[in-house]
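The values are calculated or read from the model by the stated rules, or taken from the named source; none is laboratory data. Being a predicted model, the structure only gives us computed values, none of them experimental. Here Cβ is always computed from backbone atoms with ideal geometry, including for glycine, and neighbour counts include all displayed protein chains. Remember, those area values only see protein heavy atoms, side chains included, never the ligands or the DNA or RNA. Shrake-Rupley method; radii C 1.70, N 1.55, O 1.52, S 1.80 Å.
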Amino acid sequence: MKFGRILREKTIAEWSFFAVDYKQLKKSLKLSQTRSSDDDSDSEVRFDGSVNVEKFDSILEESKARLGRFYADKEAWAVTYISTLEENVRKLKEVSLKNLDDSGIESQVPSRTESNSCDSSISSNEGSDNDYCTKETSERIEETKLAKEEFRAVAHSPIFKSFIYAKKSLSTYERELDLLIDFLHLNTTAFSKILKKFDKRTGSSERENRLAEIKKTLPFLNGHVLMELKYRTQKMISETDMLKPNLPKGWENRKVYTIGCFDLFHRGHANGKLMRWLFFLDACLIA
């Protein structure tokens, strides 16, 4: 697969404007053409062996400028937002310590080990073909009822809310950092490959020097700042996981019928394009 296609497919749609304009750079490297006669449209087309270096350099500088502005905004957001995440983890630790002094969620809801009772008529009528309230059915209903009460108590507890908020924010932030790091690596490769083509077309050997100059002008291409933020994020995720509250039996197997819009619209989510299309269609219908 050609790199131009790889760049298009792996670049997030919202970020494509800020990526290296690989397509136009490649077009600018096509050899200039001349005709043997200006009056004869059927005359033979010949290549004069030259490349419009000025045009190539202009597109390259524009690509560097756009990428630089894009990264500056993203880094400013990332550096600022990680302070919010650290505050979320701090609050989770406070709630977790307070929770140790409390009686806990278990005292707020009935225990599922409590004896299950049925109507007194059950035992007397046990074994009857017309008896719809068997002991087994009653126990199952009671077990489900207690489970729902436990789930509700857990979902509304301060420790659980703090944990979910901290963990969700950290995971989303980490995914965004990964996308940014991949975007930088992709554009670094684009610079390298297009300069290699430039050398091939012009017969020069400027690739290494020009690539070093680009990396000096755009030092963020190495991704060091983002990697450091990712390391701090992973450390906070580990701390958050250690503060995960005790969940009742069956919690992992519960059915969830709703999904947050943030998940659907998150960059890289499989349903993102579908949801944007549905909102576009809805806007058209309303109009």
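Open to solvent by 30 Å² or more (accessible area, probe 1.4 Å) and part of a helix (DSSP H, G or I), is that true of ASP182?
Answer is yes for this residue.
Which residue is most open to solvent (accessible area, probe 1.4 Å), if the candidates are limited to region 185-219 and must be polar (S, T, N, Q) and part of a helix (DSSP H, G or I)? Restricting to residues being polar (S, T, N, Q) and part of a helix (DSSP H, G or I), the top hit is ASN209.
Residues of region 91-105 that are surrounded by 13 or more Cβ atoms within 10 Å (Cβ to Cβ) and assigned to a helix (DSSP H, G or I): LYS91, LEU92, LYS93, VAL95, SER96, ASN99, ILE105.
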